[in-house]
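Structure, as structure tokens:
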Amino acid sequence: MSPLPDNFALARRRMVQEQIAARGVRDQRLLKAMQEVPRHLFVDEALWSQAYNDHPLSIGEGQTISQPYMVALMSDALGLTGGEKVLEIGTGSGYQTAILARLCDWVYSIERILGLSRQAQRVLEKIGVFNVNLVVGDGTKGHPREAPYDAIMVTAGAPQVPQPLLGQLKQGGRLVVPVGDKHLQNLMRVTRRGEEFISEDLGGCRFVNLIGEHGW
Ligand code: SAH
């Protein structure tokens, strides 16, 4: 992907330095991806001036584009090195999808709202991200057709870890998912070791609800 020239490169540099590197993210590939992906293009033009601020923004349909630091934290937690097949649940704006696409080989991303998926597809094509497949449906069931995955990211808050996703993880695979009530969650990382699943709590967070058969 070649970044389009734009007027926001400086705002992005400050975002990466002040919100992401300053909070301890060290992965150079991730910092570079966040430096280069034009986040403003994933929100309405009226919000461009806020696109690099330290908070989520509305993307319509009652949904949000996650805070830049949360995108970095979740991406970092997957420990990607470049060759992975990744599943994302909750395409939303497609911004997180674009970051993941820079860090791995291929991303499958599921969104339940058709209009959001279509809009995300347009932006991803515009900025030249082609190693992604966007799927419309209930991502709480995962995407069995392409399973198993090296890593799975859920970008909406779940009442519990959606069971089908565990079964779609490769050996050594990582799943990050916010788990809690409808208002506050904890970001959980689950790693598959044989038939054992090891959970770690990466801290508090706040996401829109994961709606579906294995969600709310
Ligand atoms: N990663 C996105 C976050 C969007 S918010 C971004 O940064 O823009 C979470 C998204 O998850 C919303 O778009 C919502 O519609 C979607 N979602 C909620 N439940 C879902 C489900 N069961 N399957 C797929 N997508 C779901």
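Provide the percentage of antiparallel DSSP beta bridges, counting only those with both residues in region 88-216; round to the nearest 5.
Working: 15 of 30 bridges.
Bridges in region 88-216 are about 50 percent antiparallel.
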For region 6-205, percent of DSSP beta bridges that are antiparallel (nearest 5) comes out at 50 percent
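What's the ranking of 144-151, 173-180 by average number of surrounding C-beta atoms within 10 Å, highest first? Working shown, then result.
Numbers: 144-151: 17.0, 173-180: 22.6.
The packing order, highest mean first, is 173-180, 144-151.
Report the relative contact order of the chain, percent, no decimals, based on alpha-carbon pairs under 8 angstrom and at least 6 residues apart.
Numbers: 451 pairs, mean separation 32.6, N = 216.
The normalised contact order for the chain reaches 15 percent.
Taken together, the values in this text are just the output of simple stated rules run on the coordinates, not laboratory data. From a predicted model like this one, the values you see are computed outputs, not experimental measurements. Cβ atoms come from the backbone with ideal geometry, glycine included; neighbour counts cover every protein chain shown.
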